[in-house]
Amino acid sequence: MNDEDADIVVINVGGVRFETFRQTLYKHGNTRLSDKTFLEKFFIKSRGEYFFDRDPDIFKATLNYLRTGSLHLPSFICGPAAKLELEYWGVPQQKIEQCCWINYNEWNSTQEALKRLEKDRKVNMVNPDVVGPNATWWQKYRPIVWRFMNRSNSSIGAKIFGVISLLFVVVSIFSFLAETTEPFEYYIVNTIYNTSTITPPTNLSSTTFLPEIAKTGENFTTDSIDNENTTTVPLDEQFTVYEKNVRVKHPVLQAIDYTCLTYFIIEYITRLIFSPKKFKHATSLLSVIDVLAILPDLIEFIVYFTLPDVRDDVDAVNYITVIRVIRVLRIFRLVRHSPGLWILIYTLRASFSELMLLVWFMGLGILVFASLIYYVDERENFQSIPHGFWWALITMTTVGYGDMYPTTLLGKIVGSLCAMAGVLMIGFTVPALVNNFMLYYRHVQFAMKVEDYEKSLAEEEKNKARTNIKINGDAYNGNSNHTDYDHEKCPLYAETST
C-alpha cells in the first residue's frame, strides 16, 4: 500500500461505501469523524473499512459538508430524522444553509406542534391496564370510570353515555333558543296593592284602569306620577289594585333547564372526582367552558330560590339577564363530542401569533384609511376619524353593509385602496390558520384510526388468551377422567419410585 492509498479512507454507511481523503475528515474538527478514538470502534480490519449502520443519505450530505463547508440536506428527508443523524455525526444544525433550513425547520416545527397537540388531546388520560394487581378499589376503578366518561369509543356503555350527554347538551341549547321565540312566551299577572298615593289616567276610572294596563302589558310605576294631580286615599277607606304582566320563563323550559343543570353539575363533579390530575383538569379549556355554561343557570336558580320577590325588581331582572348571556357558552359543550370543533378551537389557541399578526395588520390599516377618508370625503358621511373606524373595518373585510360609503372622487379612490389592502392583509395571514387546522385535523384522524387499530389488536389478544385457557382447561379435564392410567409405565414415576 503506497502513501496515496493510505490517505484514502473507506467508510461503509448502511451498505453504501464512501471513499474520501483522510484530511477531509479533519477539515472541521468539531465532528465525530475527526475523532480517531470514535472511528477505531467501528473499524473492520478484515475489510479495511469503517462500518456505520446509519442513514447513507444524511451521511452523504455530511461528507459534502466536510468537503465544501456548505451543508445541504435532501428535500425528501424528514426533518426529525435528519436532526438525529446530524446529532450523531456531531454536525450542528446551525450549519444548514438557508435554502434547506426552511424545509428542515418546517418538519421539526410540525413535529413539535403535533406533540403538543397529542399531549393536550390525551390530557388526564390513564390506561386502566397499567394498574397493579395489588391496587385498591379506588385505584382500580378510578381510571376505568375516567376512561368511560372521556373515551366514547372505549366500550358500548361509553358510547351510550356519550349519546346521553350529547342529548342533554342539545336539549339545553334548544331551551336557550326557544326562550326567545314567540310560542314560548309566558306571562304572569303581578298584582300591586297601592294604599298610599294614586294618580289614575284622566280617561279611565279606577276600575277600568288596571285591566287595560294588563292587556297592553304596560308597566305602571309611581315614578311617572305628577305630584300636582296626586290624590291621597286613606288606608281605612279604600285601596287601588294595579296589575301588570311580567314575562317569565315558560314552565316547560324551566323544567328542562333545571334538569339539564342538575345533570351538568353531577357530570362535572364526577369528572373532577375521578380525574387523576384534578388541578390540570379544572384549568383545562373544556372544564372552564363547563363551569361558565353552568354558572348563569346556577346563579339564577339560587337568586330566585332565596329571593322569590326579586322577579318584580326590574334592575335585578336586567342584571340576571346580562349574566344569562353567558349561557351561549353551553354551545361549546359540543366540543367534547365533536373532534372537528375541538380542533378548530385548538387551532385558534395554537395560532395565537398568527391571529395577533392579523389583528395588528387590520388595526394599522383601519387607522390609516379612517384618517384618509376623514380628510378627503364629506364631513356629513364621516364625522370624525373614530367614526370612520367602522367603515374601514367593514371595507377591509369586504363585507360592505352600505350604511357608510364615500361620495367624492378621492373618497372612492381611498375606499378602493382600503378594500384591496384588506384582501391582501387577510390573504397573508388566513392561509397559516387553514394550514394549521388541516395539519391538526389530519393528525387527529390518523391518531383515532391508530387507537381503533390498537383496540382491535388488544381485543384479538384477549380472545386468543381466552381461547387458549379454554383449550387448556378442556385438555386438563379430559386427562383427569382417565382413571386407568398406568403409572408404572411412566419413566418419571419409575425414577421417583427407585
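The values are calculated or read from the model by the stated rules, or taken from the named source; none is laboratory data. Note that the structure is predicted; figures quoted are calculated from it, not measured. As a convention, Cβ positions derive from the backbone with ideal geometry for all residues, glycine included, and neighbour counts pool all protein chains shown. For accessibility, only protein heavy atoms count, side chains too; no ligands or nucleic acids. Shrake-Rupley method; radii C 1.70, N 1.55, O 1.52, S 1.80 Å.
Evaluate Rg over Rh across the stretch 24-112, taking Cα atoms for both radii and Kirkwood's formula for Rh. Don't skip to the end; give the middle numbers.
Values: Rg = 13.8 Å, Rh = 13.8 Å.
Radius of gyration over Kirkwood radius for the stretch 24-112 works out to 1.00.
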Unit charges at the beta carbon, dipole of the stretch 359-477: most positive-side option, Ile413, Asn468, Phe389: Asn468
Spacing of the two label points (7 Å from each Cα toward its C-beta) at Val189 and Leu298, in nm: 3.9
Amide proton proximity set for Phe18, modelled H, under 5 Å, gap of 5+: Ile11, Asn12, Val13
Sparse-neighbourhood loop sites, chymotrypsin sites (Phe, Trp or Tyr not before Pro) in the stretch 390-451 - DSSP loop, at most 16 other Cβ within 10 angstrom: Tyr401
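Show me the trypsin sites (Lys or Arg not before Pro) within the stretch 371-473 that DSSP assigns to loop and that have at most 16 other Cβ atoms within 10 Å of their Cβ.
Arg379
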Residues of type lysines that Lys119 reaches as a straight line, Cα spacing below 20 Å, ignoring anything fewer than 8 places off in the same chain: Lys277, Lys278, Lys280, Lys449, Lys455
Förster radius 30 Å - calculated FRET efficiency between Thr306 and Asn245 (Cβ-Cβ, nearest 0.05): 0.75
Charge tally in the Cβ shell below 11 Å around Arg67, where Lys, Arg are +1 and Asp, Glu are -1, Arg67 excluded: +2
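Under the 0.36 nm per residue contour assumption, what length would be gained going from the current alpha-carbon distance of Lys412 and Lys95 to full extension?
The span from Lys412 to Lys95 would gain 108.9 nm if fully extended.
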Karplus 3J(HN,Hα) series, Hz, for the stretch 95-111 with 6.51 cos²θ - 1.76 cosθ + 1.60 (x for Gly, Pro): 7, 5, 5, 4, 5, 9, 5, 4, 5, 4, 5, 5, 4, 5, 5, 5, 5
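Of all the accessible heavy-atom surface of the stretch 37-182, with the other protein chains kept in place and a 1.4 Å probe, what percent is carbon and sulfur?
Reported share for carbon and sulfur atoms: 57 percent.
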Filtered chymotrypsin sites (Phe, Trp or Tyr not before Pro), the stretch 59-112: DSSP coil and at most 16 other beta carbons within 10 Å: Phe76
For Ile8, solvent-accessible area (1.4 Å; no DNA, RNA or ligand), Å²: 70
Built amide H within the under 5 Å cut-off of Gly90, gap 5+: Arg32
Under the Karplus curve 6.51 cos²θ - 1.76 cosθ + 1.60, θ = phi - 60°, whole-Hz ³J(HN,Hα) for the stretch 440-447, x wherever Gly or Pro sits: 5, 5, 5, 5, 5, 4, 5, 5
